[in-house]
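A.B. asks: Here's a structure for you.
The values are calculated or read from the model by the stated rules, or taken from the named source; none is laboratory data. Just so it is clear, the model here is predicted, and its values are computed rather than measured. For neighbour counting, all protein chains shown are included, and Cβ atoms are generated from backbone atoms with ideal geometry for every residue, glycine included. These area figures cover heavy atoms from the full protein model, side chains too; ligands, DNA and RNA do not enter into them. Shrake-Rupley method; radii C 1.70, N 1.55, O 1.52, S 1.80 Å.
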Amino acid sequence: MDVILIKQTAAVIQRIGHRTINSIWRLGCASHFILLVLLKSWTSFARPRLITREIYYAGVMSLVIILVSGLFVGLVLGLQGYETLQKFGSESAVGTLVALSLVRELGPVVAGLLFASRAGSAMTAEIGLMKATEQLSAMGMMAVDPVARVVAPKFWAGVFSMPLLAAMFSVMGVFGGYLVTVVVIGVDEGSFWSQMQNAVDFRYDIVNGVIKSCCFGVVITAIAVFEGFDAPPTAEGVSMATTRTVVTSSLAILGLDFVLTAFMFRGVA
Amino acid sequence: MQRTVMDFWVGVFVMAGIGALLILGLKVGNLTSYQGGDSYALLGNFENIGGLKIRAPVKSAGVVVGRVANIEFSLETYDAVVTLSMDSRYRFPKDTFASILTSGLLGEQYVGLLPGGDEAMLEDGERFIKTNSAMVLEEMIGRFLFNKAAGD
């Protein structure tokens, strides 16, 4: 009886150890791969046309969903903020509420989540499918480095697009908040803008938000290209890799956001 | 997809992104009232700064004319030394009165400047001669109770 129990416990411990080693090994693989991408990206800088094409697919194609969600997030923030603030008679502070929450948190985070599911999954699927149909090996045969030709432009396009998308998201959100509070409800327009401008500091709020979105861009695209390149070359493998990209990068955004917020906004300037 | 069409849309995207950053800076943020380079510093010693924070506004007649840049405790005079970063468009006389005020009942604290009549202006790095500390609610209540007890 005791022997069986010990064996079972040992098996459980073994499984935990195996998983830990496996995930650390994957993390090592991913870091190695990203380092490789960075080292080989001079080819894509020498041929900016490659990056332009990827910016089109990652950035421009995500524009509609980013703008529409930004607008609606702003509308809802305006409504809810007004609902609560008017109880305290400070409904003119709704501009501050909308702008600060968008610029500091919601802009980078929600735009990042949308970008991960819209563009990150597409990157993973494209690279994974190229691998499954042996296009990457064919490139290797023709002495074209697939990392430099396919992966690096996608990486840089994502890193470049993400801050721009987050900024557009925030602007649309502020516009949505303006629409619902000033145009529909009738909060005073002057105090809406002036309170907002008094509270939002360029260096402290906006630049920190942009830094956040840059970090998210790096993380999302790094996860997306690694998962694509690492995908088992089967239909199932590609679909699983796409799912993993969305799940992992969403979790990474949320975790990283907390860490960045803890460093950036601690109530002391 | 035609190359020129793709280039066009990427151009639109980049311009819209930079435009969004500009709107954030100029319309949402305080970049318009934020002259980074041309500002000058003024110092003020306050007996008690209450809840004054760095980056709090400096106002004169209700207009923001600068921001609190630094707050330190002085070991020479045992009071608080507040450094104000003033917009260089605005100059104040030597006998300007600096006091720490509160906007509204529960609002944030700011430094209020009441210009005097001196001909000479405060230069970069100079100190206010006359300052007024923040109101501390406990002291006010204490004084009120003390007066009340003395009166009875």
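A.B. asks: When only alpha-carbon atoms count, how far does the stretch A:1-152 stretch along each of its three principal axes, as whole angstroms with the largest first?
C.D. replies: 66, 64, 25
A.B. asks: Enumerate lysine pairs in chain B that are 8 or more residues apart or on different chains, then count those whose Cα atoms are under 29 Å apart. The partial results should precede the final answer.
C.D. replies: Numbers: B:Lys27/B:Lys53; B:Lys27/B:Lys59; B:Lys53/B:Lys94; B:Lys53/B:Lys130; B:Lys59/B:Lys94; B:Lys59/B:Lys130; B:Lys94/B:Lys130.
Eligible lysine pairs with Cα atoms under 29 Å apart amount to 7.
A.B. asks: Next question. Going Cα to Cα from A:Lys154, which lysines come in below 21 Å? Please leave out same-chain ones fewer than 8 positions away.
C.D. replies: By straight Cα distance, A:Lys154 reaches A:Lys40, A:Lys131, A:Lys212.
A.B. asks: Have a look at A:Gly59, A:Gly81, A:Val103 and report the one farthest towards the positive end of the charge dipole of the stretch A:36-105, computed about the Cα centre with Cβ charges (Lys/Arg +1, Asp/Glu -1).
C.D. replies: A:Gly59
A.B. asks: With angles folded into 0 to 90 degrees, how steeply does helix B:137-151 sit against the dominant principal axis of chain B? Use alpha carbons for both and round to 10.
C.D. replies: 20
A.B. asks: Suppose accessible area is computed on protein heavy atoms with a 1.4 Å probe; arrange A:Ile16, A:Ile127 from highest to lowest. The partial results should precede the final answer.
C.D. replies: Numbers: A:Ile16 105, A:Ile127 0 Å².
Largest accessible area first, the list is A:Ile16, A:Ile127.
A.B. asks: Please report the accessible area of A:Tyr57 (heavy atoms, 1.4 Å probe, ligands and nucleic acids excluded) in Å², nearest 10.
C.D. replies: 90
A.B. asks: Please give the net charge around A:Arg26, taking every other residue with its beta carbon less than 13 angstrom from that of A:Arg26, where Lys and Arg add +1 and Asp and Glu add -1.
C.D. replies: Numbers: positive: A:Arg19, A:Arg244; negative: A:Glu227, A:Asp230.
Counting the neighbours of A:Arg26, the net charge comes to 0.
A.B. asks: Averaged across A:53-60, how many Cβ atoms of other chains sit within 10 Å of each residue's Cβ atom? Write down the numbers at each step before the final one.
C.D. replies: Numbers: counts 5, 1, 5, 8, 2, 1, 6, 9.
Per residue, the number of nearby Cβ atoms from other chains is 5 on average.
A.B. asks: Would you mind checking which residues have amide H under 5 Å from B:Ala41's amide H? H placed 1.01 Å from N; only 5 or more apart, or other chain.
C.D. replies: For B:Ala41, whose amide H was placed from the backbone, the distant partners under 5 Å are B:Met86, B:Gly125.
A.B. asks: Now, a different point. Just to check I understand the Karplus step: with θ = phi - 60° and J = 6.51 cos²θ - 1.76 cosθ + 1.60, what whole-Hz values come out for the stretch B:20-25, glycine and proline as x?
C.D. replies: Computed from phi, the couplings for the stretch B:20-25 are 5, 4, 5, 4, 4, x Hz.
A.B. asks: Here is a follow-up. Regarding the stretch A:197-269, what whole-number volume in Å³ per residue does the convex hull of its Cα atoms give? Walk me through the numbers before you get to the answer.
C.D. replies: Details: hull volume 5.9 nm³, N = 73.
In the stretch A:197-269, the Cα hull volume divided by residue count equals 81 Å³.
A.B. asks: Shifting gears a bit: Where does the stretch A:31-118 land on Rg(C-alpha)/(2.2 N^0.38 Å)?
C.D. replies: On the way: Rg = 19.3 Å, N = 88, 2.2 N^0.38 = 12.1 Å.
That works out to 1.60 for the stretch A:31-118.
A.B. asks: Something else about it: From the mean inverse distance of alpha carbon pairs (Kirkwood) and the Cα radius of gyration, derive Rg over Rh for chain A.
C.D. replies: Values: Rg = 22.7 Å, Rh = 20.6 Å.
Rounded to two decimals, Rg/Rh equals 1.10.
A.B. asks: Once the Cα atoms of chain B are picked out, what are the Rg and Dmax in Å?
C.D. replies: Over chain B's Cα set, Rg and Dmax evaluate to 22.7, 92 Å.
A.B. asks: Quick one: which residues, 5 or more positions from A:Asp201 or on another chain, have an amide H under 5 Å from its amide H? H modelled 1.01 Å from N in the peptide plane, none for Pro or chain starts.
C.D. replies: Amide H neighbours of A:Asp201: A:Ile206.
A.B. asks: Can you work out the Karplus-derived ³J(HN,Hα) for every residue in the stretch A:53-59? Use 6.51 cos²θ - 1.76 cosθ + 1.60 with θ = phi - 60°, whole Hz, and x for glycine or proline.
C.D. replies: 4, 6, 4, 4, 6, 7, x
A.B. asks: Would you give the gap between the C-alpha center of the stretch A:172-249 and the C-alpha center of the stretch A:1-67, rounded to a whole Å?
C.D. replies: Value for the Cα centre distance between the two parts: 21 Å.
A.B. asks: Give me the one-decimal nm value for the distance between modelled label points at B:Glu76 and A:Val12, 7 Å along each residue's Cα-to-Cβ direction.
C.D. replies: Inter-label distance under the simple model: 6.9 nm.
A.B. asks: For a quick check: with amide H placed at 1.01 Å from N, whose amide H comes under 5 Å from B:Met135's, ignoring anything fewer than 5 positions away on the same chain?
C.D. replies: The list, which skips near neighbours in sequence, is empty: none.
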